[in-house]
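The structure under discussion appears below in the form of structure tokens.
Read-outs throughout are calculated quantities, based only on the coordinates presented, and are distinct from any laboratory measurement. Every value quoted in this text rests on a predicted model; they were computed, and no experiment measured them. Glycine also receives a Cβ, built like all others from the backbone with ideal geometry; neighbour counts cover every protein chain displayed.
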Amino acid sequence: MKLLSDGAFLLSQVTITEKGETTVKLRDQIKIYTKGKFMFAFDNESTGDMDVGAGNATWINGGMVEVPLVNHDGPLSDLSFEISIEPTELGFDQVLHGMTYDDGRVLEKMVEVWHRAPGGVSPYDGLWALEKRHSDSIDATEFTETKMIGGGHYIVLQSFLHSGEKIRNFGFGVFDVKGGDRVIESGMTGSWDNYSEHKADVVCKLIDENHMTQSFNCDGQVVTQTYVRM
């Protein structure tokens, strides 16, 4: 069986069979595979919440086994999913059986059709966890972030406390390496207002194989974040 090569993929359509009824849905969703890791993200209309997950991805006996390490609610453990992935000319088809939602709903079958997005490899590719964050702002505490870079795209998942309230956000878009340490991040879909218009000029630096920093301007302040590879 031909294995899927690393890259970023955009969902073309999803066919869902539930209680014997089949529906076809379209939504803005991305999935990135790189360096033995995966991450996906989308705004889930059926739950009214974001749906984001990331973790380890391993080919075993021609099939994909995904082990989630984190999702939009926080760290995960003791979960493993065998996923049927069939590479196609344009990307891949992914088939899941018996998927269960938190509210108890069970999908008999879900078939996702994915198309490979344009974009190549970069030195920053991988799944990263925020290690420390330096900013003049003191409004946010307990700040966490998971970031995936691969296939010329990125996904980011953030969580922090603001005035005692937990705030969560996600976004994904194009990761365009301009040369040197300069990268332009252009938003496609996210939970922030007008995220499709988001554009950030980011300075990325690899400290070593497993550590990276990113610096950018946010509301007139320079924010520097240090990540460790997951």
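Based only on Cα atoms, what Rg/Rh ratio does the stretch 7-116 have, Rh being taken as Kirkwood's radius? Intermediate results must be reported in sequence, preceding the final value.
Values: Rg = 13.6 Å, Rh = 14.6 Å.
With Rh from the inverse mean 1/r over Cα pairs, Rg/Rh is 0.93.
Say each of Val222 and Asn61 gets a label point 7 Å from the Cα, pointing the same way as Cα to Cβ; how far apart are those two points in nm?
If labels sit at Val222 and Asn61, their model points lie 5.4 nm apart.
Kindly write out, for the stretch 219-230 in residue order, the coupling ³J(HN,Hα) from the Karplus curve 6.51 cos²θ - 1.76 cosθ + 1.60 (θ = phi - 60°), rounded to whole Hz, with x marking Gly and Pro.
Rounded to whole hertz, the list is 6, x, 10, 8, 10, 10, 10, 10, 10, 10, 5, 7.
Could you run the Karplus curve 6.51 cos²θ - 1.76 cosθ + 1.60 with θ = phi - 60° over the stretch 195-210 and give me ³J(HN,Hα) per residue in whole Hz, x for Gly and Pro?
The phi angles translate into 5, 5, 9, 5, 8, 10, 9, 10, 9, 10, 9, 7, 6, 7, 4, 10 Hz.
In the P(r) worked out for the chain, what percent of Cα pairs fall beyond 33 Å? Don't skip to the end; give the middle numbers.
Working: 4301 of 26335 pairs.
Of all Cα-Cα distances in the chain, 16 percent exceed 33 Å.
In nanometres, what is the gap between the two model label sites at Leu206 and Lys109, each 7 Å from Cα along Cα-to-Cβ?
The answer from the label model is 4.3 nm.
Under Stokes-Einstein, with the Kirkwood radius over Cα pairs standing in for Rh, what whole-number D in µm²/s applies to the stretch 1-62 at 4 °C and 1.567 mPa s?
Values: Rh = 13.6 Å.
For the chosen part, D equals 96 µm²/s.
Label points 7 Å out from Cα along the Cβ direction at Asp176 and Asp93: separation in nm?
Distance between label points: 3.5 nm.
Hey, can you grab everything whose amide H is under 5 Å from the amide H of Asn44? Only 5+ residues off in sequence or another chain; H modelled, so Pro and N-termini drop out.
Asp49, Met50, Asp51
Only bridges whose two residues both fall in the chain count here: according to DSSP, what percent of them are antiparallel, nearest 5? Please report the intermediate quantities before stating the final value.
Working: 112 of 112 bridges.
Just about 100 percent of them are antiparallel.
Over the Cα atoms of the stretch 126-229, what is the Rg over Rh ratio if Rh follows Kirkwood?
Values: Rg = 13.3 Å, Rh = 14.1 Å.
That ratio equals 0.94.
For Phe81 and Glu45, FRET efficiency with R0 = 22 Å and r from the beta-carbon atoms, rounded to 0.05? Walk me through the numbers before you get to the answer.
Details: r = 22 Å, r/R0 = 1.01.
Between Glu45 and Phe81 the formula returns 0.50.
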